[in-house]
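Following: one structure in structure tokens, then a few remarks.
Every number here is computed from the coordinates shown, using simple stated rules; none is lab data. What you are looking at is a predicted structure, and each value in this text was computed from that prediction instead of being measured. Counting neighbours? That spans all protein chains shown, and the Cβs are built from the backbone with ideal geometry, glycine included.
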Amino acid sequence: WDYRDNPNRYHIHEVIAALCRLKIDYPDPFQSNNFNWDVGGYGKRLHLNGSDMDAVVVANFRVSELSMIPGFQHTGLWYDYLTGEPVEVTDVSAFMTFAPGEYHVYVDQPVNFPAAMTEITNTELNGVVYPNPNSGTFVIEFPEAVNVNTLQIFDLNGREVTPFCSANILHGGKVIQFVNNSLYAGVYALRILSDNQQFNARVVISNNR
């Protein structure tokens with residue numbers, strides 16, 4: 001079992017373990033019936049109101065940057081639980097900008113923060129998509145072979161459409177060929193993760209159906 005050998009997978013393990021410790025060590029807001037959530041859009045928010053501590057969970061479920069209001073319950077000093085960084089809140093209606101997939105758990109009391117809980121940073125892979133636009137078949141070419149861990153395609157609504165495509169890895173990982181006969185014409189977001197690197201591109205499909 002290679003969790004410890006894969007930094008991205010092991011990071012997920014550490015995040016889940018840290019969240020479990022928070023709930024066990026500080027049960028007050030998690031046992032309270034005073035909570036509310038807003039999960040209707042791409043920006044998700046959960047507010048937990050305890051007698052000793054409040055918590056706010058925010059996440060961006062889009063594949064692009066998103067500005068949203070976390071909706072802190074009050075002004076003052078808050079803490080990002082997973083990093084321990086303090087956040088001074090002066091306006092509970094202020095917007096904050098979140099990267100694709102970015103999430104935070106904020107608490108309004110200093111707690112036992114997870115040790116060395118830092119986000120995995122993926123460096124950008126250099127690659128070229130061609131032809132682009134295309135009629136449903138296209139190629140991504142890299143200057144060097146890549147080890148593909150994750151390969152995903154999303155439509156502009158953030159819905160993953162990868163199952164409708166097939167991908168062939170050629171030339172030892174330097175070339176990836178996509179073939180699809182099911183996607184409608186439109187713009188799609190392509191994401192490839194390779195160890196601690198990632199490749200992102202917009203692909204335009206025309207006259208496919």
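Results, tabulated for the structure shown:
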item	result
Entry for Cα extents along the principal axes in Å (calculated from the structure that is shown) out of (i) 49, 37, 27; (ii) 58, 36, 27; (iii) 50, 38, 32	(ii)
Environment charge of L156, counting only residues whose C-beta is closer than 15 Å and scoring Lys/Arg +1, Asp/Glu -1	+1
Percentage of interatomic Cα-Cα distances in the stretch 3-107 larger than 18 Å	53 percent
Estimated FRET transfer efficiency when R0 is 41 angstrom, pair V87-L170 (beta carbons, to 0.05)	0.30
Karplus-derived HN-Hα couplings along the stretch 105-110 (A = 6.51, B = -1.76, C = 1.60, θ = phi - 60°), whole Hz, x at Gly and Pro	10, 9, 10, 9, 9, x
Between 0 and 90°, nearest 10: helix 7-25 axis offset from the chain longest Cα axis	20 degrees
Cα-centred dipole magnitude for the stretch 123-205, charges only on beta-carbon of K, R (+1) and D, E (-1), debye, nearest 20	160 debye
From phi via Karplus (6.51, -1.76, 1.60), per-residue ³J(HN,Hα) for the stretch 135-152 in Hz, x at Gly/Pro	9, x, 10, 8, 10, 10, 10, 10, x, 9, 5, 10, 9, 6, 8, 9, 9, 9
